[in-house]
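Take a look at the structure below.
The values are calculated or read from the model by the stated rules, or taken from the named source; none is laboratory data. All figures in this text were calculated on a predicted structure; none of them were measured in a lab. Please note: Cβ atoms are built from the backbone with ideal geometry, for glycine as well, and neighbour counts cover all protein chains shown. Note: areas computed on protein heavy atoms with side chains; ligands, DNA, RNA excluded. Shrake-Rupley method; radii C 1.70, N 1.55, O 1.52, S 1.80 Å.
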Amino acid sequence: MQFKTLSIIKQLESVMREHWDHEALTDWGNNATYKYGDIAVRVCYMHMLFKSLGIKPGDKVAICDKNSSNWAIAMLAVLTYRAVAVPLLPDYSKMQLKMLCEHCDAKFMIAHHRLANLWPDGDCPMYMLDVEDLLAMTPSALTDQVEEKAFAMFAEHYPKGYKKEHLHYEAEQPDDLMILSYTSGSTGNPKGVMLPWRSLQSNMEFAFGALPNDGSMNMFLILPMAHMFGFAFDFLYGILTGSHLHILTKVPAPKILLKAFEEVKPDIFLCVPLVMEKIINNRVLPLLRTRKMEILMKVPGVRQLICRKIRKQLYQALGGRAYEVIMGGAALSKEVEKVLHMIKFPYTIGYGMTECGPIITFSDWKEHRPGSCGKAAVNMEVKILSDDPQNEPGEIVAKGANKMLGYYKNPEATEETIDTEGWLHTGDLGVMDKDGFIYIRGRKKNMLLGSNGQNVYPEEAEDQVVSYSVFDECVVVKREDKLVGLVYASDNTLQTLGLRREELDLDSICKEVNQHLPNYCQLAKLEQRDQEFEKTPKKSIRRFLYK
């Protein structure tokens with residue numbers, strides 16, 4: 001299947017028609033399932049509702065709910081109407097959601113009923129509707145005259161029902177605004193990223209060339225679909241390939257995930273590194289760290305057998321059918337990556353940001369190099385702002401079709417991010433090897449200046465703390481010219497290791513970690529926390545909260 005000649009909207013039209021009787025969306029957990037034809041009918045009804053409200057192509061429609069088939073159908077209705085979708089993460093506080101809704105100038109909001117009291121009666125600046133009521137399409141669920149009018153219009157236009165031959169959507173214009181996506185706020189207040197249709201068109205062209213797309217895939221969605229990583233490569237790519245999307249609607253506890261993998265058997269699986277780290281830390285590392293296993297792993301023939309067995313067990317635990325596991329959104333622990341590489345597990349790590357809709361670099365698992373995040377994706381250019389890009393870290397900058405239009409109502413931030421030559425400054429520091437593979441060293445904003453004037457990347461020390469200690473998470477901060485590691489060990493980790501929090505010898509652990517760190521990056525001490533760090537929806541630690 002190719003994605004070069006058709007627009008996103010025309011591809012959606014074609015897929016819905018060709019897969020009319022095929023299953024498209026399933027809410028894993030309650031087993032509610034929609035076929036592509038079911039989606040098309042509900043999309044048509046929602047178009048009637050938009051018209052009844054006077055909403056025009058280009059108007060902004062906010063969608064705020066947890067992952068579900070209802071969310072997916074609402075989003076497809078907005079896109080095919082050529083309105084501007086504003087996906088809002090449900091993890092935001094009510095105060096943040098109210099602020100974002102007002103900032104984006106939305107004319108309509110589709111949300112969970114818990115958000116009905118965001119504004120006092122009569123003060124709501126837009127039309128709001130519960131996503132479940134909106135998609136019920138039965139008169140008993142209609143509580144407003146506008147909805148009744150839309151339902152009547154639908155019944156009048158299609159008295160014998162909506163059929164595949166009725167399908168027709170107007171194509172988009174590449175440079176028109178498609179999505180207004182608010183960043184998750186790992187460094188402060190979120191900004192509205194304006195992504196044109198060409199950005200997602202380019203991302204889809206990349207995905208169709210890099211990933212399986214035979215039209216009969218199973219996909220298992222656990223990433224937030226309101227975040228661009230999940231939106232582009234779990235949701236939109238899955239629908240455009242005619243796949244069956246199984247959407248996790250429960251809390252992703254390990255037992256639930258393993259059961260879902262067994263049932264769904266996904267052909268591709270996307271996740272943040274934290275998911276794989278938990279699986280490896282809980283299932284593989286405790287086994288490899290035993291004295292007996294350490295001895296056996298030194299015997300070449302036995303080592304290969306052990307690695308093969310571990311790979312098979314891990315692969316089967318993820319359903320046994322995935323072409324590869326794709327990770328992104330954060331750095332992968334070096335120790336976990338070392339294990340995955342050692343057992344030859346089919347994994348890869350991509351790199352991107354909301355401002356590129358999101359992909360910037362990627363490589364197939366067969367080409368992946370440990371520690372890297374791949375090479376420049378199709379339609380993208382990437383370079384390192386350094387006099388010696390192979391050895392001296394510099395800021396990663398990118399340009400190409402994926403690039404955003406700018407930040408909504410924020411020309412100052414746009415000028416700071418996109419320079420006069422069109423390069424988008426990512427704020428990430430990295431190096432590039434002779435073959436074009438990118439290796440991220442840290443965030444420009446996170447970089448600290450050591451007491452001897454040496455640049456210190458806190459991520460380097462944090463990774464060593466996690467690799468050579470019992471702690472699951474670490475944030476390195478600077479206090480009076482000294483580096484301090486704030487650390488957290490989960491109850492599950494401590495229980496697995498047979499340890500108690502109060503028994504941990506922080507001074508000894510700090511000395512052990514420092515043996516693996518360069519002199520300019522030595523930690524003065526470790527401070528233990530009894531709660532995990534606050535994170536964004538994509539599981540990045542909100543660093544700005546910790547000093």
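Of all residues in segment 513-547, those being more than 34 Å from the chain's Cα centre (by Cα) and surrounded by 14 or more Cβ atoms within 10 Å (Cβ to Cβ) number 1.
Taking segment 270-312 as the region of interest, the helices (runs of 4 or more DSSP H) fully inside it that hold 3 or more residues being buried (at least 18 other Cβ atoms within 10 Å of the Cβ) are 273-279. Among the numbered conditions (1) under 30 Å from Gln528 (Cα atoms); (2) touching a helix residue (DSSP H, G or I) at 6+ places or on another chain (Cβ under 7 Å), the only one that Leu424 does not meet is (1).
Selection of segment 497-526 for residues being over 14 Å from Tyr457 (Cα atoms) and either in contact with a Ser or Thr (Cβ under 9 Å, 6 or more places away or on another chain) or of a type in the set (A, V, I, L, M, F, W, C) (or both) yields Leu497, Leu499, Leu504, Leu506, Ile509, Cys510, Glu512, Val513, His516, Ala524, Leu526. Considering each of Met153, Met194, Met219 in turn, give the residue that is open to solvent by 30 Å² or more (accessible area, probe 1.4 Å), part of a strand (DSSP E or B) and either farther than 18 Å from Met46 by Cα or in contact (Cβ under 8 Å) with a residue 24 or more places away in the chain (or both). Answer to the selection: Met194.
Checking each residue in segment 68-85 for being touching a Gly at 6+ places or on another chain (Cβ under 8 Å) and in contact (Cβ under 8 Å) with a residue 60 or more places away in the chain picks out Arg82, Val84.
If the condition is being closer than 15 Å to Ala77 by Cα and of a type in the set (Gly, Ala, Ser), then segment 160-177 contributes only Ala171.
Yes/no per residue for (1) touching a helix residue (DSSP H, G or I) at 6+ places or on another chain (Cβ under 8 Å); (2) among the small types (Gly, Ala, Ser); (3) in a helix (DSSP H, G or I); (4) touching a residue at least 60 places away in the same chain (Cβ under 8 Å):
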| site | (1), (2), (3), (4) |
| --- | --- |
| Val43 | yes, no, yes, no |
| Met46 | yes, no, yes, yes |
| Lys56 | no, no, no, no |
| Lys66 | no, no, no, yes |
| Met99 | no, no, yes, no |
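In the condition set (1) under 28 Å from Gly37 (Cβ atoms); (2) assigned to a loop (DSSP other than H, G, I, E, B); (3) open to solvent by 80 Å² or more (accessible area, probe 1.4 Å); (4) at pLDDT 65 or above, Tyr169 is compliant with all but (3).
Scanning segment 226-262 for residues that are open to solvent by 30 Å² or more (accessible area, probe 1.4 Å) and either at pLDDT 95 or above or in contact with an Asp or Glu (Cβ under 8 Å, 6 or more places away or on another chain) (or both) yields a total of 1. Just one of the listed residues (Val487, Val466) is touching a Ser or Thr at 6+ places or on another chain (Cβ under 8 Å) and open to solvent by 20 Å² or more (accessible area, probe 1.4 Å), namely Val466.
If you go through segment 377-415 and keep only what is over 23 Å from Met178 (Cα atoms) and surrounded by fewer than 20 Cβ atoms within 10 Å (Cβ to Cβ), you end up with Lys383, Leu385, Ser386, Asp387, Asp388, Pro389, Gln390, Asn391, Glu392, Gly394, Glu395. The set of residues in segment 352-376 that are aliphatic (A, V, I, L, M) and open to solvent by less than 20 Å² (accessible area, probe 1.4 Å) comprises Ile359, Ile360. Pairs linking a residue in segment 395-410 that is free of Cβ contacts under 8 Å to residues at least 12 places away in the same chain to a residue that is part of a strand (DSSP E or B) and hydrophobic (A, V, I, L, M, F, W, C), with Cβ atoms under 8 Å and 6 or more positions apart or on different chains, do not occur.
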